[in-house]
Structures are given as C-alpha cells and as structure tokens.
Amino acid sequence: MAYPVNGNKTELNRALRLSASFARHLLKRIGHDRLTVSAGYMAYVTLLSLVPLVTVLLTALSAFPGFAGMGEKLQKFVIENFVPAAGEVVSEYLHQFVANAGKMTAIGVFFLFVVALMLISAVDQSLNYIWRCKKKRPAVTHSRCTGWC
C-alpha cells in the first residue's frame, strides 16, 4: 500500500516538533532540578554512607566466629565495585576506620547505623524530588503477592 507523500512530510514534521518540545522540556528540567549537582551529591553521599554500613556489618560479623573471613571479602567487594580507581587509599582508610570502630560500644555502633540510614534517606529524598514523587516510601516494607507470584 502506497502512502501519500504529503502525509509522510506531515508525520515527519509532527515528530520533529514533538522531539524539539521534549528536548526543551528536558533541558528546562535539568536546569531546574540541578541534576549535575544532585548527581554529584548523591554519589558522594552514597559512598559516604557505605563506610558506616560496612563498619556496622563488619562489627556484627566479627562477633560470630563462622564469619571470620567475610569481613575481608566484603571490604574487597566494596572497594573493587564502588571505588576501583582509588582502591588502595580507600582500602587503607577503611581498614583504619573498621579497626577504630571495633572499639566502639553497642550504643556507638547503633548511632553509626542510624547515621548511615539517614545518609541513605537523603539520597532517597533527592531521587523523590527528581522524579516528583509525592508519596513517601514506608520505612519498613514487606513483600506482597501482586499476581506475579
């Protein structure tokens, strides 16, 4: 079936107008939401929150003899996957931080965990702002069967 030439030009013009309109809207949103600043902030806070979480996890694992080797594996995983470029420096500081955190009391470990959760919550709030989410996520979630079980 042959299409009229004018119909193709009209559809092409419409598609170009829609693409240009979308590009203008996207650039406006990038500027309004300061996405470059937000991206840097979220990357920094995410890495910053990993240190207390890893410390709390390693402190908890060190209490059980069965998990003795897990601490080193976890540190190696975090360094290789999250900060591969600065692996040696981060590894050294992470070892020092974990060694000092091992001397903390249970209350100190608890507050370190709370600080890590607060940092992760800040990343969540930034993502909610970018995606214009009005409804907050519950603090504790549980799985429900939604028909895909």
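The values are calculated or read from the model by the stated rules, or taken from the named source; none is laboratory data. Since this is a predicted model, take the numbers as computed values, not measurements. In this analysis, Cβ positions are derived from the backbone assuming ideal geometry, glycine residues included, and neighbour counts consider all displayed protein chains.
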Subject >> Number of the exception - Thr105 against (1) over 27 Å from the mean Cα position of the chain (by Cα); (2) more than 29 Å from Asp124 (Cβ to Cβ) >> reply: (2)
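Whether any residue in segment 41-53 is among the polar types (S, T, N, Q) and either in contact with a His (Cβ under 9 Å, 6 or more places away or on another chain) or more than 30 Å from Leu26 (Cβ to Cβ) (or both) is what I want to check. Lay out the reasoning, then the answer.
Initial filter on segment 41-53 (among the polar types (S, T, N, Q)): 46, 49.
From the residues that got through so far, the ones that are either in contact with a His (Cβ under 9 Å, 6 or more places away or on another chain) or more than 30 Å from Leu26 (Cβ to Cβ) (or both) too are none.
Checking segment 41-53: not a single residue is among the polar types (S, T, N, Q) and either in contact with a His (Cβ under 9 Å, 6 or more places away or on another chain) or more than 30 Å from Leu26 (Cβ to Cβ) (or both).
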Original post:
Of all residues in segment 111-141, which are β-branched (Val, Ile, Thr) and without any contact (Cβ under 8 Å) to a residue 40 or more places away in the chain?
Top reply: Val114, Val140, Thr141
Original post:
Of all helices (runs of 4 or more DSSP H) completely enclosed by segment 1-104, which ones contain at least 2 residues that are surrounded by 10 or more Cβ atoms within 10 Å (Cβ to Cβ) and touching a Ser or Thr at 6+ places or on another chain (Cβ under 7 Å)?
Top reply: 35-62, 70-82, 87-101
Original post:
Out of (1) modelled with pLDDT of 75 or more; (2) among the hydrophobic types (A, V, I, L, M, F, W, C); (3) farther than 25 Å from Tyr41 by Cα, what's the single condition that is false for Val115?
Top reply: (3)
Original post:
Is it fair to say Ile107 is loosely packed, with under 10 Cβ neighbours inside 10 Å and either touching a residue at least 40 places away in the same chain (Cβ under 8 Å) or out of contact with any Cys (no Cβ under 9 Å at 6 or more places or on another chain) (or both)?
Top reply: yes
**OP:** Within segment 62-96, track down each residue that is among the hydrophobic types (A, V, I, L, M, F, W, C) and under 26 Å from Ala122 (Cβ atoms).
**Re:** Leu74, Phe77, Val78, Ile79, Phe82, Val83, Ala85, Ala86, Val89, Val90, Leu94
Original post:
When you go through (1) more than 29 Å from Asp33 (Cα to Cα); (2) part of a helix (DSSP H, G or I); (3) at pLDDT below 80 one by one for Gly108, which number turns out not to apply?
Top reply: (3)
